[in-house]
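Each remark here refers to the structure printed beneath this line.
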Amino acid sequence: MSLYPNVRFMISAAAPAQFPPDTGAEVAIAGRSNAGKSSAINAMLQRNSLARTSKTPGRTRLLNFFEVAPQARLIDLPGYGYASGAREERAGWKPLIEALAPRQSLRGLLVVVDARRGILEGDEQLLNWAHAIDRPVHVLFSKSDQLSRSAGAKLLKDSAPTLKGRGTAQLFSAHKKVGLDEARARLDGWLASVPVSSAHD
């Protein structure tokens, strides 16, 4: 089980220049607004309110960096697919996220998808982006406790062709702790990986 006793918030980056140095290892976590991303972060890192949860979609506006261990970071990306966010603000997210692409410390992406809705257009775009920059993706089908066992199995089976060659997936529920150990193991594996090189070496 993953235990991060010294997790700390680092910065809410509004510009690439504010990103922490490109050293160590980091994992980005993304998802549609209200997919359960903040709850997933809090569950995986065993914190009650490290990432803010809200019934109001689109609260994450910037790239939030958390240090979970020395030289190991989790990046909370803005929620997507929420039309009421200011157009200018949404336009500002794209260069921030694109600026992650060349970071050698970026080891993978966790994508939180509401299990009741499945993989939608915004999720597809993120999968394509990660595939284009050659980063592995692991999908957390959140709120899976609201599905029957057979419906959960069908979701995984039906999503396999969509994910083929671009990512893996599992059922997850922060509330019921479904798949929590598996998700932590994936996060641990990426954060423990050693970058092959660094622009700062």
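So, SER105, is that one touching a residue at least 40 places away in the same chain (Cβ under 8 Å), in contact with a strand residue (DSSP E or B) (Cβ under 6 Å, 6 or more places away or on another chain) and at negative phi or not?
Yes, satisfied.
Taking the stretch 86-103 on its own, how many of its residues are at pLDDT 95 or above and either farther than 26 Å from LEU45 by Cβ or of a type outside the set (Gly, Ala, Ser) (or both)?
Number of matching residues: 3.
Can you tell me which residue within the stretch 126-160, out of those that are in a helix (DSSP H, G or I) and in contact (Cβ under 8 Å) with a residue 40 or more places away in the chain, is farthest from SER38 (Cα to Cα)?
ASP158
Can you find a residue that is farther than 18 Å from LEU74 by Cβ, crowded, with 22+ Cβ neighbours inside 10 Å and in contact with a helix residue (DSSP H, G or I) (Cβ under 9 Å, 6 or more places away or on another chain) anywhere in the stretch 87-102?
Checking the stretch 87-102: not a single residue is farther than 18 Å from LEU74 by Cβ, crowded, with 22+ Cβ neighbours inside 10 Å and in contact with a helix residue (DSSP H, G or I) (Cβ under 9 Å, 6 or more places away or on another chain).
Quick check, is ALA35 in contact with a strand residue (DSSP E or B) (Cβ under 9 Å, 6 or more places away or on another chain), part of a strand (DSSP E or B) and either closer than 16 Å to LEU109 by Cβ or in contact (Cβ under 8 Å) with a residue 24 or more places away in the chain (or both)?
Judged against the criteria, ALA35 is not a match.
For residues in the stretch 105-119 being crowded, with 23+ Cβ neighbours inside 10 Å and touching a His at 6+ places or on another chain (Cβ under 8 Å), which is nearest to ALA35 (Cα to Cα)?
Selected residue: VAL111.
Please work out which residue is surrounded by the most Cβ atoms within 10 Å (Cβ to Cβ), limiting yourself to the stretch 158-177 and to residues that are farther than 14 Å from LEU126 by Cβ and of a type in the set (Lys, Arg).
LYS176
Do we find that LEU106 is of a type in the set (A, V, I, L, M) and either at pLDDT below 95 or out of contact with any Ser or Thr (no Cβ under 9 Å at 6 or more places or on another chain) (or both) in this structure?
yes
Out of the residues in the stretch 136-157 that are in contact with a strand residue (DSSP E or B) (Cβ under 7 Å, 6 or more places away or on another chain) and more than 18 Å from GLY122 (Cβ to Cβ), which is surrounded by the most Cβ atoms within 10 Å (Cβ to Cβ)?
Looking at the filtered set, the residue picked out is SER144.
The values are calculated or read from the model by the stated rules, or taken from the named source; none is laboratory data. Computed from a prediction, not measured in an experiment: that's the story for all the values here. FYI the Cβ positions are ideal-geometry reconstructions off the backbone, even for glycines, and counts take in every protein chain you see.
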